[in-house]
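*Asks:* Below are the structure tokens for one structure; questions will follow.
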Amino acid sequence: MTAEEIGKLLHEEFPQAFYPGCGLTLEDIHYGDVRVRRDFHEDHIRPGGTISGPTMMELADFAMYVAVFSAIGPQPLAVTTNLNINFLRKPTQADLIAHARLMKVGKRLAVGEVTLYSDGSDEPVAHVTSTYSIPASR
């Protein structure tokens, strides 16, 4: 699926979460390899001046969902079965970039990894591994 097709699907299936101005952007989409962005917002800051863990986990899960679509097509019932995150360093108060890459796509499961970066930095702020369950109706 292309970025435009995935964006349309997300807006149709999740209009409450993916809409113009929601802060999520599909930047680069290839088969099993995607780059998405979460715009910086003051609401994402936790005590200590860092971007909150839930904000980073949300972006990582979103990136994996998009990566799964890029590989298997429109399957909105695909669901996260596992997500493990390692926080590596304090992100700056900037947009977050997620690079998701699928490592294996099988009949029932897709396994991948996501690296999160602060915009403008080459140093990762978090590393995520995740597994998605793929519906049988595929």
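The values are calculated or read from the model by the stated rules, or taken from the named source; none is laboratory data. Predicted model, so just to flag it, every value in this text is computed and none were measured. Cβ: placed from backbone, ideal geometry, glycine included. Neighbour counts: every protein chain shown. Ligands, DNA and RNA are stripped out before the accessible areas are found, and what is left, the full protein with its side chains, is counted by its heavy atoms. Shrake-Rupley method; radii C 1.70, N 1.55, O 1.52, S 1.80 Å.
*Asks:* Quick one: in the range 78-105, of everything that is in contact (Cβ under 8 Å) with a residue 60 or more places away in the chain and over 19 Å from ASP43 (Cβ atoms), which residue is most open to solvent (accessible area, probe 1.4 Å)?
*Replies:* Step by step, filter the range 78-105, then rank; the result is ARG101.
*Asks:* Moving on to the next point. The conditions are (1) at pLDDT below 95; (2) among the small types (Gly, Ala, Ser); (3) in contact with a Pro (Cβ under 6 Å, 6 or more places away or on another chain), and SER118 fails exactly one of them. Which is it?
*Replies:* (1)
*Asks:* When residues of the range 15-37 are filtered for being in contact (Cβ under 8 Å) with a residue 12 or more places away in the chain and either farther than 19 Å from GLY112 by Cα or in a helix (DSSP H, G or I) (or both), how many remain?
*Replies:* Count: 3.
*Asks:* Another question, then. Would you point out which residue out of ARG46, ARG38 is open to solvent by less than 50 Å² (accessible area, probe 1.4 Å), among the basic types (Lys, Arg) and at negative phi?
*Replies:* Exactly one residue qualifies, and that residue is ARG38.
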